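The next block holds one structure in the form of structure tokens; read it before the comments.
The values are calculated or read from the model by the stated rules, or taken from the named source; none is laboratory data. These numbers were taken from a predicted model, which means no experiment stands behind them. Glycine also receives a Cβ, built like all others from the backbone with ideal geometry; neighbour counts cover every protein chain displayed.
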């Protein structure tokens, strides 16, 4: 219990002393995960919706693969991205390894299937509900997708938040491709892993509480912006 | 009244999992006034209606409206047996069909108020449509179908789960619609309702068309034994 209490004290001290390192690390965490979220959402939301509407031969197979990819082990993703970006790898010349950019790539790969899968599930239900009406109203494909995305926007937000949650708390992949370099690629999760390894549990816990608070704040902010739970239950 | 509309069906057949649910149907139907599609449950009424409207495709056969397909679809509306509500407010539900055809905002808003008045939901415009009562949902679905002033309106048992008062309100709306030139094709297994509304009748049984003709003649002198039995209130299979 002592460690937890010390951790809370450390978190409070870090926050109120506006510790420069903490602020840098926190901002980098946000920057990496939010960028990954935006890119992954831009890929996954239309793809998941398309998968729900479109009938094609290998659809079931594609969905099974997508669902399996949700459980992609981050460490393995990190390893593969590492090999791709390393000096001897195919993209080695770009010199991206151990940069925030590499961390974003890894996180996009990890969270895109998750967001796409939740999107697909939600859109499939909405589509089966709306199908007859939208066909009957003689809507174009574009109008159908627009109606689904608009009326399903709250579920899509949940999908995005699930993706963000996975990204911000992820440590295995970004540790490998980012390298946890101080002031360059160190983020909250990798810092926690490092401090734990060093035995500085108070600091590690303090950083942990900051991470949890950050996640809560982002969720609240997005809920407030999109006015969920205010306009009825649909 | 605009130009006459008719639909021609040649050997329309619908199969599901190897079983014939409708057809073969050959029919040259002049769509005029109030046509009632009558028959017991499972006789293929809904399937027939969905084929006519084009939300479902026939397994084989040819169907052609007396106008190009695109134009025919645009001039039709359909009210489903269990009303489909968009997860939006009553106002947005009414406005949606008009937004789709790119009508300007002032015109939409005046038509929406007009129709909200007609369907008695003028005080619930901002209310979420999925939370309306069953009767209100059905009226909203009907208003949403009529707001584009379709040439042909399809209705699939619109009063199936409604009480007397809601049924009368819906029948009044349908009557008004026919007065301004909307032709209606409606399924029902409710004989009383069929007698009240029909100008002409199509009698379906086991997926095939048993009888068609003007309502006055059908109800007074049905030609087939099955139709006679159905009108007598016997259970036919």
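Among the listed residues A:11, A:36, A:40, which satisfies the condition of being modelled with pLDDT of 95 or more, surrounded by 19 or more Cβ atoms within 10 Å (Cβ to Cβ) and under 16 Å from residue A:189 (Cβ atoms)?
Just one listed residue meets the conditions, A:36.
Could you check how many residues of segment A:222-231 are within 27 Å of residue A:14 (Cβ to Cβ) and either modelled with pLDDT of 90 or more or over 16 Å from the mean Cα position of the chain (by Cα) (or both)?
Number satisfying all stated conditions: 2.
For the subset of segment A:73-101 comprising residues that are in a helix (DSSP H, G or I) and within 18 Å of the chain's Cα centre (by Cα), which member is nearest to residue A:25 (Cα to Cα)?
Ranking the qualifying residues of segment A:73-101, first place goes to A:100.
Kindly list the number of the only condition in (1) in contact with a strand residue (DSSP E or B) (Cβ under 9 Å, 6 or more places away or on another chain); (2) outside any helix (DSSP H, G or I); (3) within 13 Å of chain A (Cβ to nearest Cβ); (4) closer than 30 Å to residue B:25 by Cβ that fails for residue B:72.
Condition not satisfied by residue B:72: (2).
Any idea which residue in segment B:119-137 is nearest to the chain's Cα centre (by Cα), counting only those that are surrounded by fewer than 18 Cβ atoms within 10 Å (Cβ to Cβ), more than 9 Å from chain A (Cβ to nearest Cβ) and not in a loop (DSSP other than H, G, I, E, B)?
Restricting to residues being surrounded by fewer than 18 Cβ atoms within 10 Å (Cβ to Cβ), more than 9 Å from chain A (Cβ to nearest Cβ) and not in a loop (DSSP other than H, G, I, E, B), the top hit is B:134.
Take the residues in segment A:183-199 that are free of Cβ contacts under 8 Å to residues at least 24 places away in the same chain and under 20 Å from residue A:18 (Cβ atoms), then tell me which one is surrounded by the most Cβ atoms within 10 Å (Cβ to Cβ).
The extreme case among them is A:192.
Limited to segment B:98-108, what total is found for residues that are more than 10 Å from chain A (Cβ to nearest Cβ) and surrounded by 14 or more Cβ atoms within 10 Å (Cβ to Cβ)?
3
Output the number of residues of segment B:40-61 satisfying the condition of being at pLDDT 85 or above and at positive phi.
Going through segment B:40-61 one residue at a time, the tally reaches 3.
Restricting attention to segment B:80-92, which residues are closer than 19 Å to residue B:120 by Cα and more than 8 Å from chain A (Cβ to nearest Cβ)?
Residues satisfying the conditions are B:83, B:85, B:89, B:90, B:91, B:92.
Please go through segment A:106-120 and give me each residue that is crowded, with 20+ Cβ neighbours inside 10 Å and closer than 25 Å to residue A:26 by Cα, ordered by number.
Correct list: A:106, A:107, A:108, A:110, A:111, A:112, A:114, A:115.
Mind telling me which of the residues B:58, B:116 ends up being within 18 Å of residue B:138 (Cα to Cα) and either more than 14 Å from chain A (Cβ to nearest Cβ) or within 13 Å of the chain's Cα centre (by Cα) (or both)?
None of the other options fit; the residue is B:116.
Working carefully through the options B:77, B:95, find the one that is more than 23 Å from residue B:161 (Cα to Cα), within 14 Å of chain A (Cβ to nearest Cβ), surrounded by 20 or more Cβ atoms within 10 Å (Cβ to Cβ) and modelled with pLDDT of 90 or more.
B:95
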